[in-house]
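J.: Next up is a structure, given as structure tokens.
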Amino acid sequence: MSESTPLSSLAAGARDTVPMMVGAVPLAIIYGALVAAGPMALWHGQLMSAAVFAGSSQLIALGLVAGHAGLLVIWLTTFIVNLRHMLYAANLLPHVAHLPTRWRWLLAALLTDETFAVMTGFYYRHPQAPLGHWYFLGSAGGMYVNWNIWTLIGLLFAAAFPGIQSLGLDFAMAATFIAIVVPLLVTLPRLAAALAAGTLAYLWRDLPYNLGLLAAVLAGVVVGMTLTRLRARGGAVQEDAA
Amino acid sequence: MNYALMIAGMAAVTIAIRAAIFVFGDRITFPPLARQALDFVPVTVLSAIVVPMVVAPHGAGLEITWRNPQLMAAIVAVAVCALTRHQLLTIVGAMLVFFGWQFGGLT
């Protein structure tokens with residue numbers, strides 16, 4: 001990084017994020033296609049990708065719209081699902097605290113899981129990079145442009161073939177969610193939390209305003225945390241015995 | 001539903017979460033309990049949406065039967081994903097089973 005300029009840092013950030021961009025393509029297309037197959041207008045779908053820019057919460061919002069959830073439940077779910085970004089921001093803060101406020105707003109608004117992963121690697125390799133914010137903008141901006149372009153392609157594709165709506169495209173959403181969840185179920189507490197939340201969401205599906213979903217999520221989180229604590233205690237007891 | 005309002009609210013919530021720490025500093029701290037709880041959010045939210053979709057696709061009652069294409073394709077999706085951990089393969093495989101089950105004269 002001896003000859004780096006703002007532009008070369010921007011390009012390097014975008015380049016190092018290309019694998020993440022490729023990974024986001026199927027999700028963006030499915031998201032766009034699901035919007036086109038659902039009750040929302042096409043421009044709503046593009047607006048959401050442009051203004052919210054958070055893939056999982058966008059897909060979840062579509063699922064909630066399909067389930068006739070109320071505004072408050074959708075906003076609360078968005079809050080819970082995106083709260084992890086606060087952890088990312090806390091981790092990256094030492095590297096951006098010196099920047100002007102408008103830079104911090106810009107980088108914060110574009111912060112995603114993918115850019116957090118790229119930036120963590122970058123700051124590990126270059127703890128004192130003076131142009132790190134340009135690299136950050138390259139990564140985050142690249143993800144943003146990529147996500148919006150492939151959203152548009154998904155929207156236009158599904159709008160061009162209106163027949164696919166009647167094929168049960170909503171199942172693509174279920175398949176996508178399963179493909180996201182299953183690799184995460186690597187520990188017993190997570191598996192139990194998922195099973196509890198899924199079962200209770202079905203049993204409580206008729207609660208008003210779709211509040212059953214939030215209650216099921218809360219109960220699932222409690223199950224997961226309780227099991228984690230029990231296991232930690234069991235491990236401690238075993239260590240004592242040994 | 002007013003979708004523009006829905007999106008505006010989602011955007012406000014998301015930007016507030018992302019910008020709180022960058023803009024207002026590290027006066028906000030995360031207790032360990034909250035960190036632990038957040039670990040369970042993705043799996044619980046997604047499961048809470050998927051399970052009712054799959055076991056009761058018509059919203060009426062349980063359809064735990066081999067005649068339910070959503071259920072059969074979801075079982076295949078879980079199996080393929082657990083074995084291969086490949087996201088796109090899981091989605092494509094599940095959709096093929098779903099369409100095959102639905103239009104293949106099995107229902």
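J.: In the range A:75-96, which residue that is more than 7 Å from every other protein chain (Cβ to nearest Cβ) and open to solvent by less than 60 Å² (accessible area, probe 1.4 Å) is nearest to A:Asn210 (Cα to Cα)?
T.: A:Tyr88
J.: Somewhere in the range B:9-22, is a residue more than 8 Å from chain A (Cβ to nearest Cβ) and free of Cβ contacts under 8 Å to residues at least 60 places away in the same chain?
T.: Yes, the range B:9-22 contains at least one residue that is more than 8 Å from chain A (Cβ to nearest Cβ) and free of Cβ contacts under 8 Å to residues at least 60 places away in the same chain.
J.: With respect to A:Thr176, determine if the residue is among the polar types (S, T, N, Q), at pLDDT 85 or above and crowded, with 17+ Cβ neighbours inside 10 Å.
T.: No.
J.: Condition first: facing chain B (nearest Cβ under 7 Å), open to solvent by less than 50 Å² (accessible area, probe 1.4 Å) and in contact (Cβ under 8 Å) with a residue 40 or more places away in the chain. Can you find one or more residues in the range A:186-198 that meet it?
T.: Here is the first cut: in the range A:186-198, the ones facing chain B (nearest Cβ under 7 Å) are A:190, A:193-194, A:197-198.
If we keep only those that are open to solvent by less than 50 Å² (accessible area, probe 1.4 Å) as well, we get A:190, A:193-194, A:197-198.
With in contact (Cβ under 8 Å) with a residue 40 or more places away in the chain added as a condition, the list becomes none.
Checked against the condition, which is being facing chain B (nearest Cβ under 7 Å), open to solvent by less than 50 Å² (accessible area, probe 1.4 Å) and in contact (Cβ under 8 Å) with a residue 40 or more places away in the chain, the range A:186-198 yields no hits at all.
J.: So, one more: Kindly check whether there is at least one residue in the range B:35-51 that is over 20 Å from the mean Cα position of the chain (by Cα) and more than 8 Å from every other protein chain (Cβ to nearest Cβ).
T.: Checking the range B:35-51: not a single residue is over 20 Å from the mean Cα position of the chain (by Cα) and more than 8 Å from every other protein chain (Cβ to nearest Cβ).
J.: Taking the condition of being open to solvent by 30 Å² or more (accessible area, probe 1.4 Å), at pLDDT 95 or above and among the aromatic types (Phe, Trp, Tyr), how many residues in the range A:121-140 meet it?
T.: Qualifying residue count for the region: 1.
J.: Of all residues in the range A:200-212 being assigned to a helix (DSSP H, G or I) and more than 7 Å from chain B (Cβ to nearest Cβ), which is surrounded by the most Cβ atoms within 10 Å (Cβ to Cβ)?
T.: In this case the residue turns out to be A:Leu200.
J.: If B:Arg27 satisfies every condition in (1) under 25 Å from A:Leu47 (Cα atoms); (2) open to solvent by 40 Å² or more (accessible area, probe 1.4 Å) but one, which is the exception?
T.: Looking at each condition in turn, B:Arg27 falls short on (1).
J.: What number of residues within the range A:141-173 satisfy the criterion of being assigned to a helix (DSSP H, G or I), open to solvent by 40 Å² or more (accessible area, probe 1.4 Å) and modelled with pLDDT under 85?
T.: 6
J.: Hey, any hits in the range A:90-107 for a residue that's within 20 Å of B:Pro32 (Cα to Cα), touching a residue at least 24 places away in the same chain (Cβ under 8 Å) and assigned to a helix (DSSP H, G or I)?
T.: Checked the range A:90-107: at least one residue is within 20 Å of B:Pro32 (Cα to Cα), touching a residue at least 24 places away in the same chain (Cβ under 8 Å) and assigned to a helix (DSSP H, G or I).
J.: Could you tell me which numbered condition B:Gln70 fails, if it satisfies all but one of (1) surrounded by 17 or more Cβ atoms within 10 Å (Cβ to Cβ); (2) out of contact with any Pro (no Cβ under 6 Å at 6 or more places or on another chain)?
T.: (2)
J.: For the range A:213-233, how many residues are open to solvent by less than 50 Å² (accessible area, probe 1.4 Å) and under 22 Å from the mean Cα position of the chain (by Cα)?
T.: 10
J.: Take the residues in the range A:39-56 that are under 17 Å from A:Ala172 (Cα atoms) and in contact (Cβ under 8 Å) with a residue 40 or more places away in the chain, then tell me which one is most open to solvent (accessible area, probe 1.4 Å).
T.: Filtering the range A:39-56 for residues that are under 17 Å from A:Ala172 (Cα atoms) and in contact (Cβ under 8 Å) with a residue 40 or more places away in the chain, the one most open to solvent (accessible area, probe 1.4 Å) comes out as A:Ser56.
J.: Filter the range B:43-77 for residues that are farther than 16 Å from A:Thr199 by Cα and not small (Gly, Ala, Ser) and give the result.
T.: Listed by number, the residues that qualify are B:His58, B:Thr65, B:Trp66, B:Arg67, B:Asn68, B:Pro69, B:Gln70, B:Met72, B:Val76.
J.: Where residues in the range A:99-120 are aliphatic (A, V, I, L, M) and open to solvent by less than 40 Å² (accessible area, probe 1.4 Å), which of them is farthest from the chain's Cα centre (by Cα)?
T.: If we filter the range A:99-120 for residues that are aliphatic (A, V, I, L, M), which is where we start, we get A:99, A:106-111, A:117-119.
Okay, now just the ones that are also open to solvent by less than 40 Å² (accessible area, probe 1.4 Å), so A:99, A:107-111, A:118-119.
Details: A:Leu99: 26, A:Leu107: 16, A:Ala108: 15, A:Ala109: 14, A:Leu110: 12, A:Leu111: 10, A:Val118: 15, A:Met119: 16 Å.
So, considering only residues that are aliphatic (A, V, I, L, M) and open to solvent by less than 40 Å² (accessible area, probe 1.4 Å), the one farthest from the chain's Cα centre (by Cα) is A:Leu99.
The values are calculated or read from the model by the stated rules, or taken from the named source; none is laboratory data. Nothing here was measured: the structure is a model prediction, and the numbers come from that model. Neighbour counts run over all protein chains shown; Cβ positions are idealised from the backbone, glycine included. Surface accessibility is based on the protein's heavy atoms, side chains included, excluding ligands, DNA and RNA. Shrake-Rupley method; radii C 1.70, N 1.55, O 1.52, S 1.80 Å.
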